[in-house]
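See structure below.
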Amino acid sequence: MPLLEERTLTLPDEAATARLGAALAAAVQAMPRRTVHVQLSGDLGAGKTTLSRAILRALGHAGKVRSPTYTLCEPYEVARADGSPLTVYHFDLYRFADPEEWIDAGFRDCFAEPAFNLVEWPEKAGRLLGEPDLHVLLQSDMAGADDAGERRSATMRAYTPTGLTLLNAC
Ligand code: ADP
Ligand code: MG
């Protein structure tokens, strides 16, 4: 699939990240039942888990959102806008030593059902993961010494009409 559209948003504070999460959550909730695949890239501490938490909270998950660093995948049951169930799988593939682990773990099954798949460290699964609907690159650049700290951003790339719907909601 070709890149359909790209846009970079600045995230000056965590409230901005929470708003981005809320916008993505609302767009997914309004969609018909289908597999939605969103990849979150960026260095350690760039904000992938923070954005995932914001999305899950906005989807109505009231409990704790654990980083799946050790469990690799955390499942959630929330609801769509029409009240029907929505399954979310939150992955963190950081600990993968080999992309084949994606197959061994049986994670392909999560993409065979109409779930919302949020994947941190998608690069660790290589080509086995396939192309996402939306790719989000989170970046935190330290600004110059005379500047007020760090600059954060999210570069969003849509590869499918579903991804374009998500991007246009942000
Ligand atoms: P990752 O999952 O990419 O390794 P985390 O989300 O776990 O990163 O960590 C991001 C850290 O940066 C958190 O400690 C968070 O509080 C902090 N932070 C500061 N500003 C922001 C922002 N605008 N968006 C996201 N996180 C932020
Ligand atoms: Mg993380």
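The values are calculated or read from the model by the stated rules, or taken from the named source; none is laboratory data. This structure is a prediction, so every number in the text was calculated from the model and none was measured. With ideal geometry, Cβ positions are generated from the backbone for all residues, glycine too; neighbour counts draw on all protein chains shown. For the accessible areas, the whole protein counts, side chains as well, though only heavy atoms, and no ligand, DNA or RNA atoms are used. Shrake-Rupley method; radii C 1.70, N 1.55, O 1.52, S 1.80 Å.
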Of residues in the stretch 54-69 being out of contact with any strand residue (DSSP E or B) (no Cβ under 7 Å at 6 or more places or on another chain) and farther than 12 Å from Leu20 by Cβ, the one nearest to ligand 2 (Cβ to nearest atom): Val65
Considering only the stretch 31-76, state which residues are part of a loop (DSSP other than H, G, I, E, B), open to solvent by 20 Å² or more (accessible area, probe 1.4 Å) and more than 13 Å from ligand 1 (Cβ to nearest atom). Pro32, Arg33, Arg34, Thr35, Gly60, His61, Ala62, Gly63, Lys64, Tyr70, Thr71, Leu72
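Picking from Leu4, Leu24, which residue would you name as being under 21 Å from Ser153 (Cβ atoms), under 15 Å from the mean Cα position of the chain (by Cα) and either at pLDDT below 95 or aliphatic (A, V, I, L, M) (or both)?
Being under 21 Å from Ser153 (Cβ atoms), under 15 Å from the mean Cα position of the chain (by Cα) and either at pLDDT below 95 or aliphatic (A, V, I, L, M) (or both) holds for just one of Leu4, Leu24, which is Leu24.
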Of Pro114, Pro122, Pro132, Pro99, which residue is away from ligand 2 (no atom under 16 Å from the Cβ) and touching a strand residue (DSSP E or B) at 6+ places or on another chain (Cβ under 7 Å)? Pro132
Taking the stretch 101-119 only, how many residues are open to solvent by 30 Å² or more (accessible area, probe 1.4 Å) and at pLDDT 95 or above? 0
Identify the residue in the stretch 120-139 that is among the aliphatic types (A, V, I, L, M) and open to solvent by less than 50 Å² (accessible area, probe 1.4 Å) and, among all such residues, is nearest to Ala169 (Cα to Cα). Leu134
